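Reviewing the structure listed below.
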Amino acid sequence: MAKMRVVQVPQPKAPFELVEREPPEPSAGSVRIKVQACGICHSDSFTKDGLMPGIQYPRVPGHEVIGIIDAVGVDVSGWAAGQRIGVGWHGGNCGYCDSCRRGDAFACETETLVTGVTSDGGYADYMIAPADALARVPADLSSIDGAPLMCAGITTFNALRNSGARPGETVAVLGLGGLGHLAVQFAAKLGFRTVAIARGQDKVPLAHQLGAHHYIDNAAEDPAAALQKLGGAKAIFATVTSSEAMNSVQGGLAANGTLMVIGAVDAITIDAQALLSGRRSIKGWYSGTSIDSQETLAFSALTGVRPMTEIFPLERASEAYERMMSGKARFRVVLTTGS
Ligand SMILES: [Zn+2]
Ligand SMILES: [Zn+2]
């Protein structure tokens, strides 16, 4: 086989390097993937900046991968070369620990496998993934559109469908960025009365284009009061990275409402009185496992939910990463290999 290109992080906080390597061979239970597209996610900074303990360098980031199975290792059932698949953050699980046997594969107790963190990810022409980390990609979903759905998409879709809110009820999405622009689309397509909350009047057309039924400008008005005027939200999806913004929406929850925390913040302030008087709750949501990814892709293909993307070739990964981290991208950045 010809050599492949990878974009690796040589050591924490060092610049990316574009290097050539021999394509890896799939070990037992794994497949080799010919990468077509890989989204860039804020969580790639875990690898770039060494934010998780025990990462071995050099490491290739990337956990929003769509590609074609190119070689299959021994002891793999149900997958074959030529199938188009996706791989996300969840990089596999053991299948035998108590959590796995309980159906909570996300909480696998024996090993925490994270694509692009504990193994090389999708900033590459080829990568290896365990078979149990694979999701099937519908034929009518492009690889570029599918890539961001493997993290930003599954995170929002899976949180929405597990929030306890039912179709017809009011849900709010705080933030209209990489996660939020997908969350609003999913919420509207799932049948929720959807409220988008962001800063500024300039985002009103975007919010409605994405399917929001109401828009709250939290720079101009108190979002909690505005939500209560709409009857309160059964769930609020906090996609932002500002704890202040999360604090400011909690008062907008209806009775039995849940604040779903899916953006990473250091700490939030909890109004205990509001929790207990209205039986409200605050919950985090892990993105999900391969079947959740597969259902996210299928739902998106079915209903027309699509990420808005900026596309860069693999060799411009460094520039693409900076674009993503600057917060200026509209709304997800995707690397393509040309395959
Ligand atoms: Zn991610
Ligand atoms: Zn396990």
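List the pairs whose first member sits in segment 176-196 and is under 14 Å from Ser163 (Cα atoms), whose second member is among the hydroxyl-bearing types (Ser, Thr, Tyr) and open to solvent by less than 10 Å² (accessible area, probe 1.4 Å), and whose Cβ atoms are under 8 Å apart, counting only residues at least 6 apart or on separate chains?
If the second residue must be among the hydroxyl-bearing types (Ser, Thr, Tyr) and open to solvent by less than 10 Å² (accessible area, probe 1.4 Å), the pairs left are Ala183/Thr156; Phe186/Thr156; Ala187/Thr194.
Mind checking which residues of segment 170-217 are of a type in the set (S, T, N, Q) and crowded, with 20+ Cβ neighbours inside 10 Å?
Thr170, Gln185, Thr194
Enumerate the pairs (first residue in segment 38-49 and closer than 10 Å to Tyr123 by Cβ and within 16 Å of ligand 2 (Cβ to nearest atom); second residue anywhere and hydroxyl-bearing (Ser, Thr, Tyr) and open to solvent by less than 10 Å² (accessible area, probe 1.4 Å)) with beta-carbon separation below 9 Å, excluding pairs fewer than 6 apart on the same chain, so at least 6 apart or on different chains.
Listed pairs, sorted by first residue: none to list.
Looking only at residues that are open to solvent by less than 10 Å² (accessible area, probe 1.4 Å) and part of a loop (DSSP other than H, G, I, E, B) in segment 105-121, which one is nearest to ligand 2 (Cβ to nearest atom)?
Val117
Within segment 126-197, considering only strands (runs of 3 or more DSSP E) that don't extend past its boundaries, which have at least 1 residues that are closer than 15 Å to Leu259 by Cα, of a type outside the set (D, E, K, R) and at pLDDT 95 or above?
Per the criteria, 170-174.
The values are calculated or read from the model by the stated rules, or taken from the named source; none is laboratory data. These figures come from a predicted structure and were not determined experimentally. So basically every Cβ, Gly included, is an ideal-geometry build from the backbone, and we count neighbours across all protein chains shown. In case anyone asks, the SASA skips ligands and DNA or RNA and just uses the protein heavy atoms, side chains included. Shrake-Rupley method; radii C 1.70, N 1.55, O 1.52, S 1.80 Å.
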